[in-house]
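Structure, as structure tokens:
The values are calculated or read from the model by the stated rules, or taken from the named source; none is laboratory data. Worth saying up front: this structure is predicted, and the values here are computed from it rather than measured. Cβ coordinates were reconstructed from backbone atoms using ideal geometry, including for glycine residues, and neighbour counts include every protein chain displayed. Ligands, DNA and RNA are stripped out before the accessible areas are found, and what is left, the full protein with its side chains, is counted by its heavy atoms. Shrake-Rupley method; radii C 1.70, N 1.55, O 1.52, S 1.80 Å.
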Amino acid sequence: MQLEDDSPTSEAIEILRRQRGTQVVAVVTSPESANDLRRQAGVDLLAFPVGSNRTRGGNSEAIAALEGLDRPIDLLYLNGWSTTTAGYKEQHHSAYQAARDKLHEQSLVLIDGTDVDHGGKGTLVVTEALADGFRILGWGRATLLGKSGCPEYSICSPDSIPPVPEKATFEDAVRAHQNGRTWEAEQIYRHLLRNQPAHAGAMHLLGVVCQQLGQVETARELISRAIESDPTKAIYFNNYGATLQMLGRYAEAIACFHRALQIKPQYADAYSNLGLVLGLLGHRPLAAESFQMALQVEPFHRDTLERFARFLLHNNKKNEAVQLYRHAVEMNPDPLLAVKFADLLASAEDLEGAEAQYLWAIERAPDLPAASFRLGVFYHDHDRTAEGRARMETAVRRQPDKPLWRLKSLSSCPAVFRSTEEIDEFRMALCDVLDEFCENPPPAEWDELSAVAAFPNLSYSYHGRNNRPLKERFARYYQHYFQAQPEPPGSGLCGRWRIGVVVTARHEGVFLRCMTGILQQLDCRRFEIVILASSDIVDILQKRIGRSDFKYVGFPNALPEAVRTIRDTRCDLIYHWEICSDSLNYFLPFARLAPRQCTSHGCQVTSGNPAVDYFFTSDLMEKPEAQEHYAERLWRSRTLLMCQDRLSAPSPVSRAHFGLSDNHNLYVCFQNPMKVHPEFDPLLGEILRSDRNGRVVLLAGRFEHPAKLLRGRFSDTIPDVANQIEFLPWQSFEDYCRLLQLADVVLDPIHFGAGSSSYDVFSFNQPTVTLPGEFIVGRVAYAFYRKMGFEDLVAVSREDYVQKALRLGTDTGHRAAMRAKLASVSDIIFNDVDAVREHERFFEEILTSKT
């Protein structure tokens, strides 16, 4: 906090000095604010770290110190830290309760942040202070309260909410609530309940406010009491069911929705909520029927349209989902509805349709920043980064109170860089932005963090740079939103450990490929395994893994509910196999879901997250000094990390099947174009200049834009041989394997090479040239060669890389010898049961470790 001449804190100090002279005793609940106040205002004060972002668990210590204070307090300044508005409220409230007996007639109470966030951070204290005889002297960014002897004073901004009149009615509260003035509504509800404790309406809607603020258990209690007071209201049962659903109490929630529909048969909200819960439980026909009933009652019910469309999409009914929304938008041309439809089309991979809907929404409502932002995210997600950033910047200009939008825009990584200098400039600029955000973290709720998804891009790993400093900056910024989490208790099992493995939607394919062989052979006499997965992929995982002795627990794709569900499994260890591939798996580890948390190669490189304790890696991959690249503690396996079968060869085809000539030497690179680092261009140039009969073959990737950018870069960096580089479209897995068998040389790109695809290459004994990099992402093929005891094709320099590739490409005898040698040694990398045993050893050692 930087004190300014006209800040509410300075004004409060001046009021107190006029009343009491130069000696002013202030109690400040944030050490950071205390230091500034002491230095700039020159007052006597005590600082207690209530909810400090630097003091975990500081709240109880601070309250104890306040209760033991032996002097009166002139100024109580409440300015703590928390992850949520609810957390702020509880911290401020407990501090106020502890300080109450030390406040006197001349005391002032200054509460920071009462005009920000959903509901305002200090509302609970304001309500109690008013009941204790304080009055509002000023209202704005902070609320200043005093009892007597204080001059009239106002720090109200023009758009500040005025104090609620003492005679405010229930109807006033409802109007405030409907208009988004939750602060005011909550205060009136509480005021009404003090005077009329059995007021069912106020009790119910106060519960709704609490639900909106994330105080789900408090909401459940309030709405339950409202039902006891008046069991005739369908809306009470509906909202009670929604609260129970958030708590994971699905059977009770369903009963509540049925009761709401008995009272009010034509109730779209209840049908929609019922469909959602039935879908989560896997009752697909009943869920579909409930959604259809909701739309019969209210054809354009937004929640139902979104939920039902997602439900259809997840059940492989893409056409029905698209048709549902298309009809709704045609009948009700609402720009917000069109944005939702565009989001659905994007997830269904109808890219042209999605773009058209976003653009239509922007054209119809140019002052709707959310449409521009969502289009920007869409472009970013499909590797059109420059267009995406421009759209997001437009949204930020129109709605500057969305700092996370700005961070999303500035952290968007170009799909293809033109030079190493561009990479370094981007990373340096991003570090500066993150430092700025860390210094003044804007308020945000978990749902907003997850929805905006401004987290480290996976493509940062393609840059050939140490990602630890960059990822730690992201983590430093986000971790303060998760500081108030309870300590996870663990399972309490005797003689076994409960291990949860987290998998999020749309990443089940790579997870199953890399982990099925491990999980199927894991010895569960020592471990109880719980597969924790997004609800819509649980069935897929259960069928593919096939272990009936595993538990499978589905969680919603909303961050608060996912945290609650996973924590309730009471695991001793959570294995976040993949971190950073989506917003949910990025943010989940911050909530400390088990006493021990770990990650591995699915994360590619360090998570940067201080709540992740261990990184499971391979000694075959890492350099001796690799620990400095990780925020986690490294645990090094003695073998590779997966247990894979050798692939069977598909039916052969000729090169003509891919439009390639039999007369060329094919140097094939199977990696995503975004992984082709600018420093790889000169190596390709040297190979092609030395072998004019050579052709480099690249796959264009799922989206065409990166390949287009890469072609343009080649035209600048190696223009004399750019015509010897051919891009093939994205291939089916079968054709990818066929192409692999047709290659003369497989080129492993520098800095970020092959990962699990090394199993594909060596399944067919295809010689691969690799140059080990500094970090794990550039050392996987090298690790395979080390495991096989065959390092003939491991280059020691860039010049050596070129020479090894050329010899393979032009010397058919040497190529045949390398293939024969690979065939004699490659069996050792397949069906590697040692990898299973190393996982068991890893789990046991870190779970029995005392640190």
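Values for this structure:
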quantity	calculated
Any chance R225 is among the basic types (K, R) and either more than 21 Å from K264 (Cα to Cα) or within 30 Å of the chain's Cα centre (by Cα) (or both)	no
Criterion: closer than 23 Å to S491 by Cα and of a type in the set (A, V, I, L, M) - qualifying residue of L847, L822	L847
Count of residues meeting criterion [part of a helix (DSSP H, G or I), modelled with pLDDT under 95 and more than 24 Å from the chain's Cα centre (by Cα)] in the range 297-307	3
Extreme residue, nearest to Q215 (Cα to Cα), among residues of the range 431-468 that are among the aromatic types (F, W, Y) and out of contact with any Leu (no Cβ under 7 Å at 6 or more places or on another chain)	F455
Filter result for L584 (part of a helix (DSSP H, G or I), touching an Asp or Glu at 6+ places or on another chain (Cβ under 9 Å), of a type in the set (A, V, I, L, M) and buried (at least 19 other Cβ atoms within 10 Å of the Cβ))	no
Single residue of V825, V796, V836 found to be out of contact with any Phe, Trp or Tyr (no Cβ under 9 Å at 6 or more places or on another chain) and outside any loop (DSSP other than H, G, I, E, B)	V836
When residues of the range 238-253 are limited to those that are of a type in the set (A, V, I, L, M) and open to solvent by less than 30 Å² (accessible area, probe 1.4 Å), the one farthest from Y271 (Cα to Cα)	L244
Some residue of the range 359-367 being touching a Pro at 6+ places or on another chain (Cβ under 6 Å) and either outside any helix (DSSP H, G or I) or open to solvent by 10 Å² or more (accessible area, probe 1.4 Å) (or both)	yes
Any chance T218 is under 26 Å from L144 (Cα atoms) and among the polar types (S, T, N, Q)	no
Among (1) in contact (Cβ under 8 Å) with a residue 60 or more places away in the chain; (2) assigned to a helix (DSSP H, G or I); (3) surrounded by fewer than 17 Cβ atoms within 10 Å (Cβ to Cβ), the one test that R418 misses	(2)
Some residue of the range 274-294 being under 23 Å from E448 (Cα atoms), open to solvent by 40 Å² or more (accessible area, probe 1.4 Å) and charged (D, E, K, R)	no
The range 98-142, residues that are touching a Cys at 6+ places or on another chain (Cβ under 9 Å), modelled with pLDDT of 80 or more and surrounded by fewer than 22 Cβ atoms within 10 Å (Cβ to Cβ)	Q106
Boolean, E186 is touching a Gly at 6+ places or on another chain (Cβ under 8 Å), within 21 Å of T143 (Cβ to Cβ) and at pLDDT 80 or above	yes
Yes/no for R713 being open to solvent by less than 40 Å² (accessible area, probe 1.4 Å), of a type in the set (D, E, K, R) and within 21 Å of F417 (Cα to Cα)	yes
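So that you can scan it fast, the table gives a plain yes or no per residue for (1) in contact with a Pro (Cβ under 6 Å, 6 or more places away or on another chain); (2) of a type in the set (D, E); (3) on the phi > 0 side of the Ramachandran plot:
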| site | (1), (2), (3) |
| --- | --- |
| E472 | no, yes, no |
| A475 | no, no, no |
| Q485 | no, no, no |
| S491 | no, no, no |
| G500 | no, no, no |
| R506 | no, no, yes |
